[in-house]
Structures are given as structure tokens and as C-alpha cells.
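Q: I am attaching a structure below and will ask some questions about it afterwards.
The values are calculated or read from the model by the stated rules, or taken from the named source; none is laboratory data. Since the structure is predicted, the reported quantities are computational estimates derived from the model, not experimental observations. Every residue, glycine among them, receives a Cβ derived from its backbone with ideal geometry; neighbour counts consider all protein chains shown.
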Amino acid sequence: MANRVPAGPTGLPVVGTSLEYADDPLGFMERAAREFGDVVSIDVYGQEVYQVTDPEAIRRVLVGNAGSYRKPTFGDDEGLAGLLGEGLLTSDGDLWRDQRSALQPAFFGQRLDAYASEMVENAELTGASWSDGDVVDVHAEMSQLTLRIVVETLLGVELDGMERVVADALMDVGERFRPGPQVFVPEDVPTPRNVRYQRSVQTLERVLRELRRQHEGREGDDVLAILLRQHEAGAVDDELVRDQMMTMLLAGYDTTALTLTYAWWLLADNPDVERRFHEEVDALDGPPTADDLADLDVLDRVVTEAMRLYPPAYVVYREAREDDELCGFRIPAGSVVSTPQWVVHHDRRWFDDPWSFRPERWTDEFRRELPGFAYFPFGGGPRKCIGDGFAVREAKHVLATLGRKYELDRVTEAFDLVPLVTLHPDGPVEMTVRRR
Ligand code: HEM
């Protein structure tokens, strides 16, 4: 086993680089990799983390040696683990394994095909609420749309006009994770932000109880139907039903809404790509069916490239259960490892001109030659996103359905990115919708 200890930025006495990290996490991660290489020791809010950006080493952490790693707890029940409890994203061990295999059928094969019509109908509903020349906040529009879709498909019920309340509550929950010195303030200290957070969690819990009530007596193969059958059989309790519903809500709408927001934004600034996208979707006989998606090559590259440039999940963390070795460095048991999509997706070794939106780079040959974990928007290995197929289809159905009717132009000229739990635009993304 190697003995080399990774170097990294040291920062100021006492606080180290915590404040520098909190001020600009994305820039900090990039600089650390540029200056210190593929395994760097960095300070994330006072926690020493080994940042790993070599694709083969990432594969080892997430796939090859996945058994030696687990989801980190960061030592407390605050934050995401507190909110999502024993849901799929945050649980571990046998409970996670049993739940993953119980819920899996809702995300694969024909079930996914069956969601196509709900995805298209909901996109049409959003389109019907737009008029030529309207200026909309695309991020807000896409959030409400993906929220309706996830509730109708995976939870098998309807939000019935509650999408605004839920989307606002979810935004406040996300704000709890905004980088800055305030992340050091414990959750139960009644700062305005913490009070808003607690209130929003209560709102969400109320909505979840209402959705669960709506589902009573309905049959189905959706996630909630599976959970309620397990509940009836005594295999899961109310708390776990709540945790899984909260997880589906949180994990299932925001990431796809962000993918869509960035895709619209990028299309608007790249007229050649936008023209090819429109030609492709215009050639369809009607709204895209599940079968159509396989033939929409431009659309596929647009979605792939949007998630490269702006990966909604910008970093994945693990904790070593036992000693490991990565790129010749010792990773002692108990240390936290980060694999940041944000850094790897913009690495010149894998992507020419990495900060430009170039969907055409995704040729078959390029895909074949790209190291596996140079591009991993959905993570990998046993904990890979369960919703990857769902999300990609949803993004494509929505872009194609709305793209047949509308072109979106930028009003907001630029925005900063803020890494909350996911990678958010810092403020509204206003665009004008033009009827085509
Ligand atoms: C573009 C959209 C999406 C992106 C970029 C994304 C990204 C990710 C990533 C990177 C992970 C792995 C986290 C880790 O290894 O620690 C993950 C896990 C997960 N995602 Fe997604 N996701 C997306 C959409 C969805 C959707 C639509 C759902 C539906 C509910 C979903 C549900 C989950 C769940 C439940 C997990 C935990 C899986 C497990 O540990 O067994 N995601 N996602």
C-alpha cells in the first residue's frame, strides 16, 4: 500500500481554506486540481476531503472497489441526511439494497415507455400557458413542469395546483445549502434562513401526507404504489414511506429542471445547433413518442453536452470504510473522497475547448474513446442514479414537445452558478418565448 499523502492548498492559519471554499466552491475545486493534480487534499467546510479527478480512480471509488466505500454522513443528522432520512439517496446497507431492488421496477423498461405520454402532456400544458412574446423564468417553468411529471409518474397522483407552493418550498430547502459561512450555523438556531427551511420542510411533509392520502385505493406500478403495498404487508413503516417520497420529490425534479434550463439557455446562444434541433423535431409526425427518441440524434447530443457543461450533480462524495490507494496515494479508512463532475467534465485532457457548448463533439468515435468516468452526470456503480433513464427521456420529451412550437431567446444575459445541493443559476433565467 502506498504511503504518499496527497498535497493540497493550505490557506490561512486556523480556518485553513474553509472560507475560500465557501466563497467559491467551483473555482476552488478547479484550482486545486490544476495546481495539485488528480488527488488533492482540500478542506470542505472544515472537513478534510480527498478530491479525485482521474477517471480510472473515480471508477475504482464508485464501481471497482465500491464495497470499500460508503455514503459519508459528515458526522451528523443535519442537512440532506436529516431531510431524506432512510430514503434511497442517503441510506446504506441492507435497507438500501432491499429498497433499491423493490423500487427498481418503477424505473425500467416498459414502465419508462409508459411515462412518455404524461411527460408530453405536461410539456404541452406548459406550452399552452405561454403566449408569443411572453418573458418567462425558464428555471421556474421547468421546475414546475418536472415537479408535475415526477408526482404523476413516480407517485401516481396529481399536484392539483400545488406545484407553485411545492416548488417554492423546495427552493427554500435548497437555500439551506447555499455556500457561505452560514453553513456552519446549526439547523436549530432560529436564523431567518433556518426558520424558512423548517417551515418549508413542514409544508412539504403536509403535501406528502396529502399525496399519500390521494393514492389510497389506487392500484399501480409507481413508486408510491410499491411502497404502500410494502407498508400494508408490514415491510416498511410510515417514516420510510415519507423518506422515500421526499427523496423522489427532491431527487426527481430539480436535476432534470436544471438540465432543461441549461439546454434552453445554451440552444438560444447557438443558432446553428438550434436550427438543427428544430429541423429534427419538426420532422416528427407529432409529439415525440418513446420510440421516436432513439432517432433524435441532435437532441441526444444537446442533452448530453448540456449535462457535461453544467452537470446538475456537480460532485459525489464517498467515505472510505478501509484503506485504499488511488493514483499511488494512500486513502486512509475514514477519509472522505470527492469525485467532482464539475472539474472532470471541464478537463482539457478529455474535452477540447471544454467551456464551449459543442454537441457535435459527441460522435460515436468520441464516445468510444472517452475514458468511462471522464463523463458521469449520473454517478456510477451500485449507487448510480436510479432515475437516469427517466431523466434523459423526460428532458428529451420536454425539449422536443416545446421545441416544435417555440423558440426561446435570452433576456437574462448572464448568471452566476451557485452550487447548492445541485448546480443552480443564481437568480431567474428569463427568456422570451417565440411561437414558431
Ligand atoms: C438530469 C437528472 C439527474 C441527475 C444529473 C442525477 C444525478 C444523480 C447522481 C450523480 C446520483 C448518484 C449520487 C451518489 O452516488 O452519491 C444520483 C442518485 C440518485 N438519483 Fe438521480 N439524477 C437525476 C435525475 C433523477 C431522477 C429523475 C430521479 C427520480 C426519482 C432520481 C433519483 C435518484 C435517486 C433515488 C438516487 C439514489 C440512488 C441510490 O443510491 O440507490 N434522479 N442521481
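Q: Would it be correct to say that Arg100 is within 30 Å of Asp238 (Cβ to Cβ), modelled with pLDDT of 95 or more, in a helix (DSSP H, G or I) and out of contact with any helix residue (DSSP H, G or I) (no Cβ under 6 Å at 6 or more places or on another chain)?
A: Spelling it out, Arg100 is indeed within 30 Å of Asp238 (Cβ to Cβ), modelled with pLDDT of 95 or more, in a helix (DSSP H, G or I) and out of contact with any helix residue (DSSP H, G or I) (no Cβ under 6 Å at 6 or more places or on another chain).
Q: For a quick check of your reading of the model, give me the residue pairs whose first member lies in the stretch 152-180 and is among the basic types (Lys, Arg), whose second is part of a loop (DSSP other than H, G, I, E, B) and within 16 Å of the ligand (Cβ to nearest atom), with beta-carbon atoms closer than 7 Å and at least 6 apart or on different chains.
A: Final answer for the pair search is Arg178/Leu420.
Q: Further question on the same structure: Assess whether Val418 counts as being in a strand (DSSP E or B), hydrophobic (A, V, I, L, M, F, W, C) and either away from the ligand (no atom under 16 Å from the Cβ) or under 17 Å from Leu309 (Cα atoms) (or both).
A: yes
Q: Can Leu125 be described as touching a Lys or Arg at 6+ places or on another chain (Cβ under 9 Å) and either touching a residue at least 40 places away in the same chain (Cβ under 8 Å) or away from the ligand (no atom under 13 Å from the Cβ) (or both)?
A: So Leu125 fits the description; yes.
Q: For the stretch 84-92, does any single residue satisfy the condition of being more than 19 Å from Gly156 (Cα to Cα), part of a helix (DSSP H, G or I), modelled with pLDDT under 95 and not charged (D, E, K, R)?
A: The answer is yes; a qualifying residue exists.
Q: Take the stretch 262-281 and flag every residue that is away from the ligand (no atom under 11 Å from the Cβ) and within 20 Å of Leu420 (Cα to Cα). Show your work before the answer.
A: Here is the first cut: in the stretch 262-281, the ones away from the ligand (no atom under 11 Å from the Cβ) are 264-281.
Correct list: Trp265 only.
Q: Scanning the stretch 175-229 for residues that are within 30 Å of Leu26 (Cβ to Cβ) and within 16 Å of the ligand (Cβ to nearest atom), which turns out surrounded by the fewest Cβ atoms within 10 Å (Cβ to Cβ)?
A: Phe177
Q: Provide a single number: the residues in the stretch 341-393 that are farther than 28 Å from Tyr115 by Cα and under 13 Å from the mean Cα position of the chain (by Cα).
A: Total satisfying the criteria: 2.
Q: Taking helices (runs of 4 or more DSSP H) that fall entirely within the stretch 296-385, which contain at least 1 residues that are away from the ligand (no atom under 16 Å from the Cβ)?
A: 297-309, 364-369
Q: Looking only at the stretch 145-174, how many residues end up being assigned to a helix (DSSP H, G or I) and either crowded, with 21+ Cβ neighbours inside 10 Å or aliphatic (A, V, I, L, M) (or both)? Before you say what the answer is, go through the steps one by one.
A: The first filter runs over the stretch 145-174 and keeps only residues assigned to a helix (DSSP H, G or I), leaving 145-154, 163-174.
Now drop any that are not either crowded, with 21+ Cβ neighbours inside 10 Å or aliphatic (A, V, I, L, M) (or both), which leaves 145-151, 153-154, 165-167, 169-171, 173.
Matching residues across the stretch 145-174 total 16.
Q: Can you find a residue that is touching a His at 6+ places or on another chain (Cβ under 9 Å), at pLDDT 95 or above, over 21 Å from Arg111 (Cβ atoms) and part of a helix (DSSP H, G or I) anywhere in the stretch 222-229?
A: no
Q: Which condition number in (1) more than 19 Å from Leu402 (Cβ to Cβ); (2) more than 15 Å from the ligand (Cβ to nearest atom) is the one that Leu250 fails?
A: The single condition Leu250 does not satisfy is (2).
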